[in-house]
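First the structure, in the form of structure tokens, and then the observations on it.
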Amino acid sequence: MAANRWWALFAALFFLTLSRPAWAINIGLCANLAASYTDADSTITPADANTDYFNSSPVNQPAYGMWIEVYNSGGSTPIYDNWLQDDNGTFPGCTVAANITVTSGTPYDVKVFSKMKIHNDTVILKKRRSGQSDAIITYKWTGVSFTTNNAYSVLNDVPDTEMSRILAVLGFALSRKDGGMSGQTINIWDVDAASIPSGCGTSIACNSGGDIYYGVDATLTPPDATVYKSVMAHEFGHQVMNDVTVYTIPGPNYNAPTTNLCQSGPTNGHLRNGIEWHSAAVVEGFAHFYADAVFNVVGGTGCADFAKNAIDWDLTDSTNSPVNPYRCDDSPVAGLGLSTGDWEYDNCYTSPFNSLQGLANEYDYERFFWDMADKEGASVAQLIDILSDANASGPWNGNYLGNSDDVAARLVSSATLNGFDASPTYVWNTEIVGNGVFR
Ligand SMILES: [Zn+2]
């Protein structure tokens, strides 16, 4: 071969090496949500709170079912858009296996949006404070390039923000405990103090008009509801129950008479350790239980939850202000001088000041529902069915003084209807009495 031909071949190889021609490859994408919560602290007591789920920050939660779009770099029309797989998928938090065709070594933009589809339910997170009325971009990666065919690329975490915290909790909650909810679209609003609806009162978070609101309360430290995983799961518990049962909180609710030892009434809102009509306490107790069921393992080491202003059930939380952990299972810790698991009786009753009839306590109901799940094997969906059937004969009007048709009696009847043995010697009834929700 002549020297100039050798030179030509060399030049061609050199050119190929320099230009590295692109080729089409198939890729998959996965995203994660980074989220820090005040009530996820591995140093917190009781020890139960350090087990189970979301027990340290930051959480790195797969972006179950979130909406993803891929663009040519700087482009305005997506070349791919779809829901990421939920927890039932082969690759949770990822696209379906390697189904995006891209050019190797070419930069792309990838966006995830504040909506997710999990178990045939859709959650759309909106941000009212910026005037948005639909899902918005949660995060955008720019200049992402790929080189390997038929491989997954894990995008760097969506950073810790209000939106990532809300989406991480709700995605996790819906994947673990959908409560039998299906085909629902749930609107979530991330709001400031000025745009929280009046129906929320002074609450940091609430359900109003069928939507959930997570807001800020300057009196809290920190003031943002989205740093409290338990608060977010509590509100979502109301939503799941409402969507499954078309349930409405009935008339007399939080406005129960103040007893000598326990407060309630409209100015106090609802507190775990306050006293309320049964109709309010059972609904709030269920929402507390829902959060318990999301973050604790039934049949595991026990139940612990977090709250602001919660009763110090086992006297261990003095160093954990402003978020107080408390036990959400069973009876009081032995040795505290309390009679049973009946918090209301132990703390709100002094003879003959009041009878407590028709009155109840959220905390007692919370532990009752947990024990039904933990000891009797009731699922969240079954408990919602029982609540729904118990409410079928008409609203719980709250004041059952002198009325045998009380909430506990309806729950017993409904439990029987749903296949649980609720006769007096069996656990269901024992739990009603033991947890103080019988009066
Ligand atoms: Zn509530």
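The values are calculated or read from the model by the stated rules, or taken from the named source; none is laboratory data. Nothing here was measured: the structure is a model prediction, and the numbers come from that model. Neighbour counts are summed over all protein chains in view; Cβ atoms, including those assigned to glycine, are modelled from backbone coordinates with ideal geometry.
The combined condition, being among the acidic types (Asp, Glu), modelled with pLDDT of 90 or more and crowded, with 18+ Cβ neighbours inside 10 Å, is not fulfilled by Asp39. Are any of the residues in the stretch 177-192 under 27 Å from Pro58 (Cα atoms), within 16 Å of the ligand (Cβ to nearest atom) and over 19 Å from the mean Cα position of the chain (by Cα)? The answer is no, given that none of the residues of the stretch 177-192 is under 27 Å from Pro58 (Cα atoms), within 16 Å of the ligand (Cβ to nearest atom) and over 19 Å from the mean Cα position of the chain (by Cα). Only one entry of Gly215, Gly199 meets the criterion of being over 30 Å from Ala378 (Cβ atoms), within 16 Å of the ligand (Cβ to nearest atom) and free of Cβ contacts under 8 Å to residues at least 12 places away in the same chain, and that entry is Gly199.
Assess whether Ala310 counts as being part of a loop (DSSP other than H, G, I, E, B), closer than 18 Å to Tyr290 by Cβ and at pLDDT below 80. The answer is yes for Ala310. Restricting Asn273, Asn296 to those that are under 23 Å from the mean Cα position of the chain (by Cα) and either among the basic types (Lys, Arg) or modelled with pLDDT under 80 (or both) reduces the list to Asn273.
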